Each structure stands twice: as structure tokens, then as C-alpha cells.
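Working notes, beginning with the structure itself.
Each value in this text was obtained by applying a stated rule to the coordinates, not by laboratory testing. Since the model is a prediction, treat every value here as computed from it, not as a measurement. Here Cβ is always computed from backbone atoms with ideal geometry, including for glycine, and neighbour counts include all displayed protein chains.
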Amino acid sequence: MDETLLLGVNQGWAHPWLDVFFGWVSERAGFAFPLAGLLLLFFAWRFGKDGVKLWLVLVLVVGVGDVLGNLIKHLAEQPRPCFSIHELVRQPGHAPGVACGDNLSGMPSNHSLNFFAAAAFLSFMMRSRAWVAGVFTVALLVGLSRIYLGVHYPGQVLAGAAIGTTIGCLGAWIGLNYCAFMQRIRSARRKSS
């Protein structure tokens, strides 16, 4: 089932524009880091010093998720589809039929984990429907990009999404209970809603 769904998205949706779009969304340097920079600017503009602190807590939550994801990868050692079924998977920007390297572990998808951790954290902090819809749409697109590019099986993306959502919710809960600046931001958001 996992392989069938992967190949349906990877091959059935194949289009040059989607190759470019999902390739961009999947890049850390070209998409994730600039997006994090925009969040920093927005939070600093909207909440001042508390906004910068909020951004640092968000980075900490995502960093903890990334470390946990890498730890699980080393324990699970489940190969990526671009390695295990490389002859079937379409890899935009790579030579056809060539494996994506050594037996790279793909469980869970850290891209998916990181974006879902950020989305869950921000949905607790910002609370508006537009924010929640926006951050989870971006997280879904990042997760989907990993399947489209043949880098992760859908199950690996779902595992990353579940772990990331849990970490993001836990990080927000801890912050809202123990960080006064997060409580101030949440209160300010409630008043403006």
C-alpha cells in the first residue's frame, strides 16, 4: 500500500511545474530557512522582544524534533524509496534508475517532522483560523513534496507528521505554562481576535 501510494504520487502526478515547485518546497536553504527568517521579522515587528523570544523557542522546538527524528532514523534504519526501489522511483533532477546514495534511513521524514512541529506550535500561539490553516497547509505541502520527489514513503511522512505535531503541541504547552512572554503574546492575540 505504501509503495503503491508513493508511485501514484511520484509518477502519476509527474509534471515539470510540480517538479520545480515541490523541489523548492523541499529545500531547507531555499525554502525553510527564508521562511524562518520571515517569521522572525514578523514576530519582531508584531511582538517586539517577546516576538524574538517566541521565535527562539520555536527554533528550539523544531531543533529538538530534528534531533529526535535523527535518533529514530538510526534506530529504525528503514530505507528511503529512492534507495530501496530506485529503479521504479522518478527522481527529478537526478539520473533515472540511480539509487540516492547508501542505504539512507527514511523513518521518519525529518522535513515533515520539523514543519508539523512548527505548525502545531504556532497554531497554539497564534490561534487564528487563518494562521492554523496557513501553517498546516505549508506543512502538508512539505510532506507531500517528500513523497512526490521519491525521497520518503507516505508512512515515513505520516510518522514525521505525527511526531512533529506531538512535539509542537508539547513545546507550546510547556511554553504557555512556564514562559511569561508566551502568555503575554497569547493574551495579546486573544484581545486582537
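Please arrange PHE33, PHE181 by counting, for each residue, the other beta carbons lying within 10 Å of its beta carbon, fewest first. Working shown, then result.
Working: PHE33 11, PHE181 17.
Fewest-to-most ranking of PHE33, PHE181: PHE33, PHE181.
Under 10 Å, Cα contacts only: if you run a Gaussian network model on the chain, which one of ARG90, ARG80, ARG127 comes out with the highest mean-square fluctuation?
ARG127
Please give me the summed charge of the neighbours of ASN177: other residues whose Cβ is under 15 Å from its Cβ, Lys and Arg +1, Asp and Glu -1. Walk me through the intermediate numbers first.
Values: positive: ARG184, ARG186; negative: none.
Neighbour charge sum, excluding ASN177 itself: +2.
Only four residue types carry charge here, +1 at the Cβ of Lys and Arg and -1 at the Cβ of Asp and Glu. Report the dipole size of segment 2-192 about the Cα centre in Debye, rounded to the nearest 20.
Charge dipole of segment 2-192: 1280 debye, to the nearest 20.
Provide the per-residue ³J(HN,Hα) series for segment 44-59, in order, calculated from phi with Karplus coefficients 6.51, -1.76, 1.60 and θ = phi - 60°, each as a whole number of Hz, with x at glycine and proline positions.
Those phi angles translate into 5, 5, 7, 10, x, 4, 4, x, 5, 4, 4, 4, 5, 5, 4, 4 Hz.
Size of the dipole of segment 1-71 about the Cα centre, Lys and Arg at +1 and Asp and Glu at -1 on the beta carbon, nothing else charged, in debye to 20? Kindly include the intermediate steps, with their values, before the conclusion.
Numbers: 4 positive and 6 negative charges, 103 e Å.
Value, rounded to 20: 500 debye.
Can you give the extra length, in nm with one decimal, that the chain gains between ARG184 and GLU3 once fully stretched, where that is 0.36 nm per residue apart less the Cα-Cα distance?
Details: separation 181, 0.36 × 181 = 65.16 nm, distance 4.66 nm.
Net length gain for the segment: 60.5 nm.
One quarter of the convex hull surface, Cα atoms only: what value does that give for segment 17-88 in nm²? All intermediate terms of the calculation are to be shown ahead of the outcome.
Numbers: hull surface 26.8 nm².
Hull-based average projected area comes out at 6.7 nm².
How many angstrom lie between the C-alpha centres of segment 42-78 and segment 101-145?
Each part reduced to its Cα centre gives a spacing of 11 Å.
From the residues ALA117, ALA162, LEU38, which one has its Cα farthest along the dipole of the chain in the positive direction, the dipole being from +1 and -1 charges on Cβ of Lys/Arg and Asp/Glu about the Cα centre?
Of the candidates, LEU38 comes out farthest on the positive side.
For ILE174, ILE167, ILE85, which order do you get if you count the other beta carbons within 10 Å of each Cβ and list the fewest first?
Working: ILE174 13, ILE167 24, ILE85 17.
So the residues, fewest neighbours to most, are ILE174, ILE85, ILE167.
What 222 nm value per residue comes from the helices of the chain, counting each DSSP H run with n ≥ 4 as -39,500 (n - 2.57) and dividing by all residues, nearest 500 deg cm²/dmol?
Numbers: 9 runs with 143 residues, N = 193.
Mean residue ellipticity, 222 nm, calculated: -24500 deg cm²/dmol.
I'd like the Karplus ³J(HN,Hα) series for segment 174-187: coefficients 6.51, -1.76, 1.60, θ = phi - 60°, whole numbers in Hz, and an x wherever there's a Gly or Pro.
Whole-Hz 3J(HN,Hα) from phi for segment 174-187: 4, x, 5, 8, 10, 10, 4, 5, 5, 5, 5, 5, 4, 5.
Please state the charge dipole magnitude for segment 61-169, taken about the Cα centre, from unit charges on C-beta atoms (+1 on K and R, -1 on D and E), reported in debye and rounded to the nearest 20.
Charge dipole of segment 61-169: 360 debye, to the nearest 20.
Along the charge dipole of the chain, which of ILE174, LEU7, GLY23 sits closest to the positive end, that is, farthest toward it, with unit charges on the beta carbon of Lys, Arg, Asp and Glu (+1, +1, -1, -1)?
ILE174
In whole Å, what three semi-axes, largest first, describe the equivalent ellipsoid of the chain built from its Cα gyration tensor (square root of 5 times each eigenvalue)? Each step should come with its number before you reach the end.
Numbers: eigenvalues 225, 57, 35 Å².
Result for the chain: semi-axes of 34, 17, 13 Å.
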